[in-house]
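Enquirer: Dropping the structure in here first, questions after.
The values are calculated or read from the model by the stated rules, or taken from the named source; none is laboratory data. What you see is a predicted model; the values in this text were computed from it and never measured. All Cβ positions, even for glycine, are placed from backbone atoms using ideal geometry, and neighbour counts span all protein chains on display.
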Amino acid sequence: MNKNDESLSEVHGSVATSGKTGWRKLMAFIGPAYLVSVGYMDPGNWATDIAGGSQFGYKLIWVLLMSNLIALLLQSLSARLGIVRGLDLAQASRNAYPKYINFPLYVLAQIAIIACDLAEIIGMAIGLNLLFGLPLIWGISITILDTFLLLFLMNKGMRMMEVFIVSMVFIVGISFLTEMFIVKPVLGEVLSGFKPSILSGNALYIAIGIIGATVMPHNLYLHSSLVQTRKIDRTSKGIREALKFNLIDTTIALNLAFFVNAAILILAATAFYKNGLHEVAEIQDAYKLLDNIFGSLAPTLFAIALIASGQSSTITGTLAGQIVMEGHLNLRIQPWIRRLLTRLLAIIPAFFTILYFGEEALGGLLVLSQVVLSLQLGFAIIPLIHFNSDSGKMNEYAIKPWVKILAWLSALIIVGLNVKLVFQEVTGWISGGEDVWLVYVFVVPVIIIVSMLLLYVIFVPFFRRYNREHASNVPHGNALEIGNIDSVHYAKIGITVDFSKKDLNTIRHALIQGGKSTDYKLIHIVETAGARFHGEKVLDHETQSDTDNLEKYKLNLKELGYNAEIVIGYGVAAKAISQIVKTNDLDLLVMGAHGHKGISDLIFGTTVDTVRHNVNIPILIIK
């Protein structure tokens, strides 16, 4: 597989695990599940846990426990898929399903990621507002900068990113451990909440929000990719070892996440429900009430933990966006653009909510975002179960029958609760009597289409096994027979020059490709402000100086016996070079690369990449 075809290719196989034993071996594998676990303690969890604890006391703790056990099972299946097949969930879906199924699966996954990112944005903005008094609208705007933090961490390597995330998780954990000592819940009452009860009405709505906030669909995509950052021996022993250590990693990380979620719900139940404050659904209200009841330390820790959880969760959510886009659509765009796009798609609903409904509506939007996550879960869980059950692909690592039963039971619970919620909400809208036609025209058709997609991913694999040849295809197809190699003659070669020290090497390589029978075009682009506005009409000092320099190159080459002409372009370099290639009907383009990357690419541009996508001739890039 080509390096660029790998999941999260920037960090794929970047953490070595071989040559280590004992606890050093375990530590080499520790990390991916902690990045996943932050999604289980993000601001969306806070909203559903606070709403559940304040309205129903400890009664929904069993829902948290059930969600955590389901999450532990599903995340272990996600890790298994990534380790055994070397594919993330989105890539496996692209190889298994036709395009007309893959595209809606991508759309649903992207909606879930936007819903998740929305929760992180709101949580971060609320945390900044509570600690520093920063208006929510400004707090939301600041979260755009998270994009550059992620780019920086990715450039520093996987271990640096994991250290950052684990430090954020540590802050959240310590904050809530201290909170528990402050509020002093009664242990017997807390334990009573582990007894299951029948869910209906608002309890069902919040319970499904808790499930969506805990068992997050984007985490299934993320985990199957992150485990591939570990470089393992592709032997039976090496794979089994990786499965064992990743299970330990997942178990520890998700149990820590359960502790944080349970602490938030217990905090809300003890501080609010027991004091008769049953409608505390807003994070801001929880902060103020904690200040009134327990003094200044509790709310300060609360706000610090909220910022830490939002900051860490947004990084993993954006990574999941990259995985979903590249996996389902095989579409790769520049990392900073992809991450900025994901963030902007989440910021727009938050801005709209504040501007049209006011800041007080953000709490409801948070809970709604988690319900949206839960509604998308079936479309990630069910393919995951099918892929792990496929003995033809997983070989000896296919899951055992008892694991299949537990996995399908988990899927049945989640899908069943979602169907019940949708039915409950739609019948409520219809019985409301106002604008019922909107429900029948817009809502009902969407429900029918989504239901058909869900039935497809559930039942079709049982009756029609995946096409083995199609499923084994790598993203860019199979290698072709090369056969006899004919000589290639380039009649016209373009050489881009910028009068730097790199020009000599660029020209030398171009001359080697063509020899003395080829026509050479010495290309330079004038990028002054005047050139951008006036084009070839500009006669500024830089244009005249550049023309003189090109003439020197041309005369020098003619003295050496080469036929050379000069071509000057104006304005944006990539666009001008592409136009010159087409106008002069060139056969080969030789370009010197600047060698900058990361943030420098953002500042100085990526001329080579843009030209490469705009022309259909070979390009030789010289560093």
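Enquirer: Find the residue count for segment 309-331, including only residues that are at pLDDT 70 or above and either surrounded by fewer than 23 Cβ atoms within 10 Å (Cβ to Cβ) or not in a helix (DSSP H, G or I) (or both). Lay out the reasoning, then the answer.
Expert: To start, the set of residues in segment 309-331 that are at pLDDT 70 or above comprises 316-331.
Retained after the next criterion (residues that are either surrounded by fewer than 23 Cβ atoms within 10 Å (Cβ to Cβ) or not in a helix (DSSP H, G or I) (or both)): 325, 329-331.
Count: 4.
Enquirer: Does residue 191 satisfy the criteria of being at pLDDT 80 or above, farther than 30 Å from residue 91 by Cα and either of a type in the set (Val, Ile, Thr) or assigned to a helix (DSSP H, G or I) (or both)? Lay out the reasoning, then the answer.
Expert: Numbers: at pLDDT 80 or above: yes; farther than 30 Å from residue 91 by Cα: yes; either of a type in the set (Val, Ile, Thr) or assigned to a helix (DSSP H, G or I) (or both): yes.
Against the criterion (at pLDDT 80 or above, farther than 30 Å from residue 91 by Cα and either of a type in the set (Val, Ile, Thr) or assigned to a helix (DSSP H, G or I) (or both)), residue 191 qualifies.
Enquirer: Among the residues of segment 168-209, which ones are crowded, with 18+ Cβ neighbours inside 10 Å and among the small types (Gly, Ala, Ser)?
Expert: 173, 175, 193, 207, 209
Enquirer: Could you tell me whether segment 519-536 includes any residue that is modelled with pLDDT of 65 or more, assigned by TED's automatic domain parsing to the domain that holds residue 564 and loosely packed, with under 13 Cβ neighbours inside 10 Å? Walk me through it before giving the result.
Expert: Start the filter on segment 519-536 by keeping residues that are modelled with pLDDT of 65 or more, which leaves 519-528.
Those left that are additionally assigned by TED's automatic domain parsing to the domain that holds residue 564: 519-528.
Filter again for loosely packed, with under 13 Cβ neighbours inside 10 Å, leaving none.
No, segment 519-536 has no match at all.
Enquirer: Go through segment 484-499 and give me each residue that's touching a residue at least 60 places away in the same chain (Cβ under 8 Å), assigned to a loop (DSSP other than H, G, I, E, B) and more than 19 Å from residue 543 (Cβ to Cβ).
Expert: Result: 490, 491.
Enquirer: If you go through segment 207-230 one residue at a time, how many are among the β-branched types (Val, Ile, Thr) and modelled with pLDDT of 80 or more? If you could, list the steps in order and put the result at the bottom.
Expert: First pass over segment 207-230, keeping only residues among the β-branched types (Val, Ile, Thr): 208, 210-211, 214-215, 227, 229.
Right, trim to modelled with pLDDT of 80 or more and you get 227.
Matching residues across segment 207-230 total 1.
Enquirer: Every residue in segment 407-453 that is closer than 23 Å to residue 73 by Cα and surrounded by fewer than 16 Cβ atoms within 10 Å (Cβ to Cβ), please.
Expert: Scanning segment 407-453 gives 408, 409, 412, 413, 416, 419.
Enquirer: Right, something else. Since residue 369 meets every condition but one in (1) crowded, with 24+ Cβ neighbours inside 10 Å; (2) at pLDDT 75 or above, which condition does it not meet?
Expert: With (1) crowded, with 24+ Cβ neighbours inside 10 Å; (2) at pLDDT 75 or above applied to residue 369, the lone miss is (2).
Enquirer: Taking residue 140 as meeting all but one of (1) closer than 28 Å to residue 63 by Cα; (2) modelled with pLDDT of 75 or more; (3) under 23 Å from the mean Cα position of the chain (by Cα), write down the number of the exception.
Expert: Result: residue 140 passes all but (1).
Enquirer: Taking residue 507 as the residue in question, decide whether it is modelled with pLDDT of 80 or more, part of a helix (DSSP H, G or I) and within 30 Å of the chain's Cα centre (by Cα). Show your work before the answer.
Expert: Numbers: modelled with pLDDT of 80 or more: yes; part of a helix (DSSP H, G or I): yes; within 30 Å of the chain's Cα centre (by Cα): no.
No: the conditions fail for residue 507.
Enquirer: Can you go through 145, 149, 153, 134 and tell me which one is over 23 Å from residue 211 (Cα atoms), modelled with pLDDT of 70 or more and either in a helix (DSSP H, G or I) or hydroxyl-bearing (Ser, Thr, Tyr) (or both)? Break it down stepwise before answering.
Expert: Values: 149 fails: modelled with pLDDT of 70 or more; 153 fails: modelled with pLDDT of 70 or more; 134 fails: either in a helix (DSSP H, G or I) or hydroxyl-bearing (Ser, Thr, Tyr) (or both).
Result of the check over 145, 149, 153, 134: 145.
Enquirer: If I ask for residues that are buried (at least 19 other Cβ atoms within 10 Å of the Cβ), part of a helix (DSSP H, G or I) and not aliphatic (A, V, I, L, M), which ones from segment 568-582 would you list? Please lay out each step first, then the result.
Expert: Going through segment 568-582, the residues buried (at least 19 other Cβ atoms within 10 Å of the Cβ) turn out to be 569-571, 573-574, 576-578, 580-581.
Within this subset, residues satisfying the condition of being part of a helix (DSSP H, G or I) are 573-574, 576-578, 580-581.
Listed by number, the list holds a single entry, 578.
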